[in-house]
Structures are given as C-alpha cells and as structure tokens.
1. List the relative contact order of the chain as a percent without decimals, with contacts defined as Cα pairs under 8 Å and 6+ residues apart.
2. Suppose we flag GluC sites (Glu not before Pro) only when DSSP calls them loop and at most 13 other Cβ atoms lie within 10 Å. Which is the longest uninterrupted stretch of the chain?
3. Could you tell me which label, among (i) 37, 15, 13; (ii) 51, 17, 13; (iii) 26, 16, 13, carries the value of semi-axes √(5λ) of the Cα gyration tensor in Å calculated for this structure?
4. At 0.36 nm per residue, minus the direct Cα-Cα distance, what do Ser40 and Arg83 gain on full extension? Give it in nm, one decimal, please.
5. Do any trypsin sites (Lys or Arg not before Pro) in segment 45-126 lie in a DSSP loop with no more than 15 other beta carbon atoms within 10 Å, and if so, which?
6. If R₀ is 25 angstrom, what is the calculated FRET efficiency for the pair Asn14 and Val105, using the beta carbon separation as r and rounding to 0.05?
7. Take the Cβ-Cβ distance between Glu6 and Asp122 as r, set R0 to 22 Å, and report the resulting FRET efficiency rounded to the nearest 0.05.
8. Any idea what the dipole of the chain comes to, in debye rounded to 20, about its Cα centre with Lys/Arg Cβ at +1 and Asp/Glu Cβ at -1?
Amino acid sequence: MAEEGERVRVLIENYRAGEDADLAQLSRELWALLYAQIPSLTGTKDKGAQHQILEGYLAGLGLPRSPDLQYVAGPVLWYARERRVVPPAQTGDRATESWTLDSKVYEEAGKTLEEGRAAFGDWMANALRDLLAEQQ
C-alpha cells in the first residue's frame with residue numbers, strides 16, 4: 001500500500017503542478033487501484049458498505065477523508081456492476097450476504113478498464129478536483 005500511496009502522491013503533485021490538468025493520469029491510476037480492490041467487497045452486497053471499504057482504501061492511499069470519496073470510488077463500482085463483476089446492491093437482510101467473485105468475469109472486465117474510465121471517469125475526475133481543492 002505504501003508504494004501505491006507514493007504513486008498517488010506523485011500524481012497529485014503533478015496535477016497541482018499543472019502536468020495533469022484534466023486529472024487523466026491520476027484518475028487512470030485510481031481506477032486501476034480501485035478495480036483491484038473489488039475482491040475485498042465479497043463480504044457484503046450492501047452498496048454503502050462497499051463504498052466504505054473503497055473509501056477507506058482511498059484514505060489509506062493518502063486522499064483526505066471526505067464525503068466526496070464516494071464519488072471517486074462510485075464510478076468503479078458502477079462499472080463493475082454494469083459488467084456483472086459485482087452483483088446488484090441489496091438492502092435489508094440480503095445486504096449482509098456475501099457473494100462469490102467470478103474470476104473469469106473479473107479478469108475479462110479488467111481488460112476493459114479504460115473503456116469504463118471513459119464512460120464513468122468524468123464523475124471521478126470532478127470529485128477528485130473538488131476533493132483536492134478542499135485539501136489545499
């Protein structure tokens with residue numbers, strides 16, 4: 001996690017220095033890192049709990065704890081649900097159910113991460129922009 005956090009820190013510095021004005025490099029890195037965390041979500045089908053797991057991961061990378069972290073993590077979850085990697089979110093008693101990750105589906109969707117970032121990445125970039133503005 002330290003190595004990942006350092007890469008994220010450098011990319012944030014690049015953004016602040018004007019080298020990544022559209023946040024493409026940072027969002028591409030975060031997209032891949034968050035997607036790699038999908039296996040950690042199998043303990044619950046609850047959308048809120050899944051968001052909290054990913055938000056905690058982002059905070060562990062050095063991003064500030066903020067309600068905006070849900071909008072950084074959310075697009076990866078949306079993409080994973082669209083690709084049937086993550087099952088539909090459940091509420092009530094079913095939300096606490098665990099689920100089994102289909103590694104083949106996970107790997108196939110992993111090959112199209114750039115496609116997902118292109119489709120949902122604007123939400124992530126906008127949230128990152130707001131989050132990093134708050135952090136300064």
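Laboratory data are not the source of any read-out in this text; all were calculated from the coordinates shown. These figures come from a predicted structure and were not determined experimentally. Positions of Cβ are generated from backbone atoms using ideal geometry, with glycine treated the same way; all protein chains shown enter the neighbour counts.
1. It comes to 32 percent, rounded to a whole number.
2. 20-96
3. (iii)
4. 13.8 nm
5. Counting only loop positions with at most 15 other Cβ atoms within 10 Å, the trypsin sites (Lys or Arg not before Pro) in segment 45-126 are Arg65, Arg84, Lys111.
6. Result of the calculation: an efficiency of 0.15.
7. 0.25
8. Numbers: 15 positive and 22 negative charges, 69 e Å.
Computed charge dipole of the chain: roughly 340 debye.
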